[in-house]
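Colleague: Have a look at the structure that comes next, please.
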Amino acid sequence: MVQLTAMVGLRHENVDRLLGVNCAERPFYLVTEYSDRGTLHDCLRNGTIPCDNVEALFDVCIQAVSALAYLEAQRYVLHRAVAARNFLVAGEDRLVRLSIFERARRVFDDDYLVRPHNLRCQRSATRGVDPGVLGS
């Protein structure tokens, strides 16, 4: 039911809208908007959204960023699983909607952790990278 609490009240063109809930018996069902094209990942793989069309890809990016900006503006919703497989595509105009809120959660003012400054971090992200790539 974490997905339900994260989705309640979200209203944006590029965020999958919760239409209803069936809590009568297990398993519980969430009813959301229908997306006839499948996931963004599948659309990019099967050519529904052509990867060589810069305008189409730019439109997809703008829609994805719009959804993420909306969640950020809400300040209390963390999606925690932003990936092409979690965006759904609908209609001929290829409307992209952020969906799959199963890892999402609402965040409250006292519900975060701050990393101590004296904690040592390993720089593993740059290991094996050609020094010329990062510059001098």
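FYI, it's all coordinate maths here, none of it is from the lab. Keep in mind the model is a prediction, meaning the values are calculated, not measured.
Colleague: What is the extension gain from residue 28 to residue 55, computed as 0.36 nm multiplied by their sequence separation minus the C-alpha to C-alpha distance, in nm to one decimal?
Modeller: Working it through step by step, the gained length comes to 5.7 nm.
Colleague: Once the piece of chain linking residue 66 and residue 13 is laid out straight, how much longer is it, given 0.36 nm per residue of separation minus the C-alpha distance between them?
Modeller: 18.2 nm
Colleague: Two decimals, Cα atoms only, Kirkwood Rh: what is Rg/Rh over the stretch 2-109?
Modeller: The Rg/Rh ratio comes out at 0.99.
Colleague: Still on this structure, please answer the following. Limiting things to C-alpha atoms, what are the Rg and the maximum Cα-Cα separation (Dmax) for the stretch 45-85, in angstroms?
Modeller: 12.6, 37
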